[in-house]
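The values are calculated or read from the model by the stated rules, or taken from the named source; none is laboratory data. All values derive from a computational prediction rather than experimental measurement. A quick note on method: Cβ atoms are made from the backbone with ideal geometry, for glycine too, and the neighbour counts reach across all protein chains shown. Ligands, DNA and RNA are stripped out before the accessible areas are found, and what is left, the full protein with its side chains, is counted by its heavy atoms. Shrake-Rupley method; radii C 1.70, N 1.55, O 1.52, S 1.80 Å.
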Amino acid sequence: MIRIVHIITGLGSGGAENMLYKLLKYSDKSKYYHEVISLMDEGIIGKRIRDEGVKIHSLNVSKANIVKSILNARRICKDFDIINTWLYHADMFGYVIAKLLLKKKLIWNIRHSNLDKNANKSRTLMIVKINSLLSKKLDCITFNSNKALETHLTAGFKNKNTIVIPNGFELNKFSFNEDNRNTLRRAFNLDENCKALITVGRWDVQKDYFTLFKALSEIKNTHTNFKMIMVGTNLDECNEDLCDLTIKYDLRDKLMLLGRRNDISEILSAADCYISSSLGESFSNSIGEAMACALPCIVTDVGDSKQIVGETNYIVNAKDFKGLAEAIGRFLEQSESPRNFNSRNRIVENFDIKKVVKDYERNYQDIHFMSDGGL
């Protein structure tokens with residue numbers, strides 16, 4: 001049995017956290033033993049991971065306890081074969097544990113594709129720079145998109161063993177359901193002629209809701225019978241910045257701000273079209289989940305979004321609010337809003353979570369049996 005300990009920055013509701021949960025859920029537990037170290041607390045995803053029988057260690061790292069946290073992590077990791085880190089801060093922390101203290105096999109999992117200065121915190125970019133200098137000393141780097149790989153090679157990351165493993169989706173959980181659609185549309189007071197647009201994410205500069213609001217403002221006078229459903233952390237009326245944008249673009253009667261929800265698949269069934277206005281994505285979980293629910297998608301050409309949706313959806317340039325408005329307008333002008341089952345088929349064929357987990361496990365096998373000199 002191969003023993004793998006995962007170190008992740010935190011266990012909130014982001015894409016990395018959800019992918020780690022799905023990996024643990026579908027991993028072959030007769031061949032792989034997993035534990036998780038969170039540099040912060042158990043967050044939202046922690047309980048779900050524990051429900052899968054996986055042990056979690058929460059370090060709650062701070063400046064005051066950093067040395068104690070490092071020693072605690074060293075104690076936990078010493079009996080594992082592979083240390084697999086998720087997100088930049090955990091990558092750096094994991095390097096200290098795996099390579100400086102324990103001489104263990106180390107895999108970084110990188111899931112970010114936009115390193116522009118105006119879209120990232122300066123501290124994050126500093127850590128990226130440090131990590132680029134350390135990268136050649138790892139046993140493997142996995143990226144969740146081709147764009148992420150390209151971006152980090154350009155940023156100076158060097159490693160002879162890199163691999164792209166995309167995100168995977170639970171196809172039994174995310175699928176179109178007519179009953180859910182009818183129930184939620186009644187609950188949301190959406191009549192049968194109202195076209196419901198939806199975006200799922202968090203309040204973050206990378207999601208570029210500013211461009212989305214500009215686009216909606218462009219079309220709201222000529223296309224009146226639509227609603228924009230926004231789902232995710234801080235996408236609610238408690239977010240003053242979001243509410244200010246709503247007032248600025250006069251969209252109060254067009255938006256449904258639902259905040260974080262646990263019934264995403266049901267809401268996707270109730271919607272008619274998925275919108276991603278992001279200026280930075282690597283491999284979008286939300287786009288894949290929308291496609292699995294047979295939703296037509298309008299997405300910006302960032303990360304691997306264009307490759308995910310293929311030729312059966314709308315693709316526009318990032319930050320192009322007029323192009324986004326035109327694409328939304330074309331969709332709203334359709335007399336009907338048919339489900340896009342070609343989208344679901346694309347997810348089934350390429351991104352089934354069970355297939356993706358097998359890719360992770362093959363990589364663990366390769367790294368486990370790799371000599372210290374490399375493959």
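With surrounded by 21 or more Cβ atoms within 10 Å (Cβ to Cβ) and not small (Gly, Ala, Ser) as the only criterion, which of ILE83, ILE70 stands out?
Checking each option against the conditions leaves just ILE83.
Which residues, taken from the stretch 148-181, are within 20 Å of GLU17 (Cα to Cα) and not polar (S, T, N, Q)?
ALA148, LEU149, ILE163, VAL164, ILE165, PRO166, GLY168, PHE169, GLU170, LEU171, LYS173, PHE174
Hey, which of the helices (runs of 4 or more DSSP H) in the stretch 14-133, taking only ones fully inside, have at least 1 residues that are among the β-branched types (Val, Ile, Thr) and modelled with pLDDT of 95 or more?
46-51, 66-77
Which residue is surrounded by the fewest Cβ atoms within 10 Å (Cβ to Cβ), if the candidates are limited to the stretch 86-105 and must be touching a Leu at 6+ places or on another chain (Cβ under 7 Å) and not hydroxyl-bearing (Ser, Thr, Tyr)?
Among residues in the stretch 86-105 that are touching a Leu at 6+ places or on another chain (Cβ under 7 Å) and not hydroxyl-bearing (Ser, Thr, Tyr), the one surrounded by the fewest Cβ atoms within 10 Å (Cβ to Cβ) is LYS99.
Would the stretch 266-277 turn up any residue that is under 16 Å from ASN180 (Cβ atoms), in contact with a Lys or Arg (Cβ under 9 Å, 6 or more places away or on another chain) and charged (D, E, K, R)?
Yes, the stretch 266-277 contains at least one residue that is under 16 Å from ASN180 (Cβ atoms), in contact with a Lys or Arg (Cβ under 9 Å, 6 or more places away or on another chain) and charged (D, E, K, R).
State all residues of the stretch 89-115 that are of a type outside the set (A, V, I, L, M, F, W, C) and farther than 13 Å from ALA148 by Cα; if no residue qualifies, say none.
Hits for the stretch 89-115 are HIS89, ASP91, GLY94, TYR95, LYS99, LYS103, LYS104, LYS105.
Could you tell me whether any residue of the stretch 115-137 is closer than 18 Å to ALA16 by Cα, within 17 Å of the chain's Cα centre (by Cα) and either buried (at least 20 other Cβ atoms within 10 Å of the Cβ) or among the aliphatic types (A, V, I, L, M) (or both)?
yes
Restricting to the stretch 346-368, count the residues that are more than 13 Å from TYR32 (Cα to Cα) and either open to solvent by 60 Å² or more (accessible area, probe 1.4 Å) or of a type in the set (D, E, K, R) (or both).
Matching residues across the stretch 346-368 total 9.
Every residue, every condition in (1) among the aromatic types (Phe, Trp, Tyr); (2) closer than 17 Å to VAL205 by Cβ; (3) without any contact (Cβ under 8 Å) to a residue 40 or more places away in the chain, yes or no:
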| residue | (1), (2), (3) |
| --- | --- |
| ILE83 | no, no, no |
| TRP86 | yes, no, no |
| LYS99 | no, no, yes |
| LEU106 | no, no, yes |
| LYS117 | no, yes, yes |
| MET126 | no, no, yes |
| ILE130 | no, no, yes |
| LEU138 | no, no, no |
| LYS147 | no, no, no |
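Before we move on, is SER343 part of a helix (DSSP H, G or I), open to solvent by less than 10 Å² (accessible area, probe 1.4 Å) and of a type in the set (S, T, N, Q)?
Yes.
What tally of residues in the stretch 155-175 results from selecting those that are assigned to a loop (DSSP other than H, G, I, E, B) and open to solvent by 50 Å² or more (accessible area, probe 1.4 Å)?
Qualifying residue count, the stretch 155-175: 4.
Quickly run through the stretch 184-209 and pick out the residues that are open to solvent by 50 Å² or more (accessible area, probe 1.4 Å) and in contact (Cβ under 8 Å) with a residue 60 or more places away in the chain.
Answer for the stretch 184-209, where residues must be open to solvent by 50 Å² or more (accessible area, probe 1.4 Å) and in contact (Cβ under 8 Å) with a residue 60 or more places away in the chain: ARG202, VAL205.
Please work out which one of (1) in contact with a Phe, Trp or Tyr (Cβ under 9 Å, 6 or more places away or on another chain); (2) open to solvent by 50 Å² or more (accessible area, probe 1.4 Å); (3) not in a loop (DSSP other than H, G, I, E, B) is the condition ALA148 fails and give its number.
Looking at each condition in turn, ALA148 falls short on (2).
Based on this model, can you work out whether LEU212 counts as part of a loop (DSSP other than H, G, I, E, B), within 22 Å of the chain's Cα centre (by Cα), closer than 22 Å to ILE298 by Cβ and of a type in the set (A, V, I, L, M, F, W, C)?
Here the answer is no, as LEU212 does not meet what is asked.
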